Amino acid sequence: MALREVIVSNAAAVRKRPMFPLCGRGIANNVNTVDASEIELFSRLSSQWWDEHGEFAMLHKMNPVRMEFIKQKLQEVQWEEGTCSASSSATPLEGLDILDVGCGGGLLSESLARLGARTTGIDASEANIGIASTHAVRDPQFARSAKSLKYLHTTAEALLAEGKQYDVVCSMEVIEHVNTPSEFLHICAQLVKPGGHLFLSTISRTPVAYALTILAVENVLGIVTPGTHTYSKYIKPSELLSFFQEYPTRFASKTGEHGRPWITRLYNGLPSRKEADVRGLIYVPWDGRWTLTGRSSTSIDFDLSTLCNYIFWVRKPNGSV
Amino acid sequence: MDANTFSNRVSSLTNDSCQFLKDIGAWNYVEQRRTCPIEEMQVWDGISGARINFSAADLPLQTTEMSRMTENLNLQRGLLKHLSRIPEVQLLDNVRVTAIEKEGEANGWPLVRLSNGQTFRTRLLVGADGPNSPVRTFAGITTHGWAYDTHAVVATLSHAPRTPFQPPNTTAYQRFLPTGPIAFLPLSPTESSMVWSTKTALVAALKSVDPSMLVTFINAVFRLPEVSIRYLHDLLLSSVASRKALTVDEVREEILWRERSHNISATSAYSSALSAGEVGIPPEDSEFLPPLITSIQPGTVASFPLRYSHADAYIGDGGRIVLVGDAAHTVHPLAGQGLNAGLADVQVLARTIETALLQGGDIGSRTALLPYTRARWFENHKILSAVDKLHKLYSTTFPPVVWARSVGLEVINELDTIKVALMITAGGGGGGPRADGSGWRWDVAAKGLENFNSTADTAKVVGSGLVNVVGIGLQRLGNALSQVGRR
Ligand SMILES: Cc1cc2nc3c(=O)[nH]c(=O)nc-3n(C[C@H](O)[C@H](O)[C@H](O)COP(=O)(O)OP(=O)(O)OC[C@H]3O[C@@H](n4cnc5c(N)ncnc54)[C@H](O)[C@@H]3O)c2cc1C
């Protein structure tokens, strides 16, 4: 497999460069994880959020696949624990409290709310919240019951400070834009109720990801405004997995949080199906849509399916706080 | 409606369409006694006489039916009954859409104004409003296509029942003439529908004559050699032009004379001058031809303009609007595909909407609707262009093409895949939006016909062994056709 060898050796070369450490960094209190220069960039873009032809076309197309994954994971857990809703028409999201961190124009939030979740979308950009709210108000489905969907111009830190917790916390295509991912993950993790779920989707730090997202999409094709992505901020699936293997113990000294790690161990580099899951999101140009790959069986960083975009799910142990 | 009276608007429904209607529970409400199975098809070249015989037995199907004829009205009544039993569906009868506006500026929803004063703000507006679709116009969706210089004359025909010596009236007949095909489509043992596509000037003349004259013409047009049909056409046109009425007897006399000079025996099924209405032991070749028409049901003669047209998009630019059926595409009726393609559109659209709902999507968004376009646009394009090419192939009298065509048709008879593909044209199942990919047969048809039109490598279509035999025929035909194109 010449292709794989090339990718592996390139990846190894890339890894030699000093990358930001995902784990093991001390957390300074009250650090604002939002990068000011990036808020400005997205505010400029936010008016285009709902243009399905525009810069966010790929995101619009990715949304159904993310929803599929979210539903699937929640359903698996509900089946396993016998907590499925009695009504066959109910979705696994029915009645759950869900937080969408970095909701942008509200693409994911609207879908979550449509499937019956009490959804809160938050974004650090006021313009995004404006766009998202305006869009939802025009839709009679949301206008009728404000309870099902609300948007707040606030940060995850602020909600945490208020002591809020949710059944499900989602943060899609956000972590690659924050300054200190480990802090961001720590905040998201604390916003999850015990036994609840955390969903993240992002771009892996691989040469393929670089070629596809920065080189091709930003510079060559000009689909996305240059500067949207910063390669050094991309996070590999394995880095997320090892973060949650050491979480929350690593943070014990700071937060006083103890308890079972979210991921107890890896089997051949993969977590147990009940604790976490990583799936690649692949764009199939001739179909014009994204697909979710099956569970990977090889080393996760180099599995073709997770070379670029991937989606991650992890569950907070029941005994945690 | 009286059991022996049939509307002139009928359609053949493919097995896939019938299955879809059964799956959604609407078929139960369609009056079965007013439908008729088609078990066999006889299709022949009007000039060379080369003939293909299709029967359901040749199809990879579990049924003996190739398709089922029904009046459009019967199907509509059934669908309406079915809808009236679904509480979520609100039907507004006798109401017209008077205007469609766009709310606000960018990403506004459509506002549909009705003749009863109501206005609907629509998350999704489905344009199922036929070939002149106001919804399509509002959405600014362009179409490409052209009007054929032919119209379709339709009528409900009465005839004697088939005798016990003959197969029942479940065979459809279609003769390809340079002026267009004429089709005979069974509705009951004694009633059948006609779709006769022919030149516009002739259509006007045919509609103006006495029904008994039309009966005489129809019987002759299925039977006489093409030169004589041309003569009869000219006779009719000049009588209309000179306002000198032609009598049925004069025409009969002319037909009789022509049958004799073509050596058609008066006892042959190909003779229509004398034997009209006679019963008895049928001539041996009667299976090759529809029964002789005795009369036309009053008020059923009508004509429709024929167009090839395909919308450049099925979804409005900002979403919120989607087109199905004739609003999205119109096709020559020679293959009986229009309604079937529309039903397949609806089936896929329903599935697309269901998927979007399950994913929490906004069913009016472009993203949610895109899988519908992806599944249907190209599929319809293949059907449309295959049917269009068939039409063009058979509307020429250019001798090399006719020669090659006869070779082509006979060759086709040997080739199971192409034969099946052409059978689908006639409504024998498949081609629908099945998950099992049964749409492949259209690919074969489209490809096969594509090769008629080009000198491209026929081996690709045919495979291996037959290439030499077939390749020459098809290739010459291709050359000849491209010459015709240049003229
Ligand atoms: C001679 C002939 C033979 C054919 N034979 C076959 C066949 O054998 N098999 C087959 O599959 N197909 C056949 N077809 C094609 C078939 O008839 C059409 O494809 C089919 O009827 C299209 O259905 P539709 O619902 O898309 O459009 P239509 O049947 O045109 O229906 C459109 C509807 O929209 C309504 N509408 C339009 N504007 C407005 C408005 N402003 N407000 C409210 N309502 C409006 C109209 O009243 C109409 O009811 C044949 C066609 C012809 C001409």
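Tell me the accessible surface of B:ASP326 in square angstrom (1.4 angstrom probe, heavy atoms of protein chains only), to the nearest ten.
60
Quantify, in whole percent, the carbon and sulfur part of the accessible surface of region B:143-309 (1.4 Å probe; protein heavy atoms only).
For region B:143-309, the apolar C and S fraction of the accessible surface comes to 59 percent.
Given A:LYS164/B:LYS102; A:LYS71/A:LYS150; A:LYS164/A:LYS274, which pairs have Cα atoms separated by over 30 Å?
Exceeds cut-off: A:LYS164/B:LYS102.
Given the whole protein assembly as supplied and a 1.4 Å probe, what does the accessible area of B:LEU289 come to in Å², nearest 10?
Taking all protein chains as shown, B:LEU289 has close to 0 Å².
Can you give me the Kirkwood hydrodynamic radius for region B:1-159, using every pair of distinct Cα atoms, in Å to one decimal?
About 19.8 Å, per the Kirkwood formula over Cα pairs.
Pick out, in residue order, every one of the trypsin sites (Lys or Arg not before Pro) in region B:84-130 that is DSSP loop and has at most 13 other C-beta atoms within 10 Å; say none if there are none.
B:ARG85, B:ARG96
Provide the per residue accessible area, probe 1.4 Å, for region B:67-160, rounded to a whole number of square angstrom.
Here the residues of region B:67-160 average 54 Å² of exposed surface.
With r as the distance between the Cβ atoms of A:THR291 and A:GLU55 and R0 = 25 Å, compute the FRET efficiency 1/(1 + (r/R0)^6) and round to 0.05. Mind showing how you got there, number by number?
On the way: r = 22 Å, r/R0 = 0.87.
Using R0 = 25 Å, I get an efficiency of 0.70.
Would you tell me the accessible area of A:HIS153, worked out with a 1.4 angstrom probe on the heavy atoms of the protein chains, in Å² to the nearest 10?
Answer for A:HIS153: close to 90 Å² accessible.
To the nearest µm²/s, what D does Stokes-Einstein give for region B:143-309 at 37 °C and 0.692 mPa s, using the Kirkwood radius over alpha carbon pairs as Rh? Don't skip to the answer; put the middle values down first.
On the way: Rh = 16.5 Å.
Answer, rounded: 199 µm²/s.
Assuming 1.306 mPa s and 10 °C, estimate D for region A:103-160 with Stokes-Einstein, Rh taken as the Kirkwood radius over Cα pairs, in µm²/s. Before the final figure, lay out the partial values.
Values: Rh = 11.2 Å.
D, rounded to a whole number, is 142 µm²/s.
Would you kindly calculate the translational diffusion coefficient of region B:147-212, applying Stokes-Einstein with the Kirkwood radius from alpha carbon pairs, for 37 °C and a viscosity of 0.692 mPa s, and quote it in µm² s⁻¹ without decimals?
251
Leaving out ligands, DNA and RNA, calculate the buried accessible area for the pair A and B with a 1.4 Å probe, summed over both sides, in Å² to the nearest 100.
About 1600 Å² of accessible surface is lost on pairing.
Need the per-residue list for region B:343-392: every residue with at least 20 Å² less accessible surface in the complex of protein chains than in the chain by itself, probe 1.4 Å, sorted by number.
B:LEU358, B:GLN359, B:GLY360, B:ASP362, B:ARG366, B:THR367, B:LEU370, B:ARG374
The values are calculated or read from the model by the stated rules, or taken from the named source; none is laboratory data. Remember, predicted model here, so these are calculated numbers, not experimental data. Cβ: placed from backbone, ideal geometry, glycine included. Neighbour counts: every protein chain shown. To get the accessible areas, we keep the full protein, side chains included, count just its heavy atoms, and leave off ligands, DNA and RNA. Shrake-Rupley method; radii C 1.70, N 1.55, O 1.52, S 1.80 Å.
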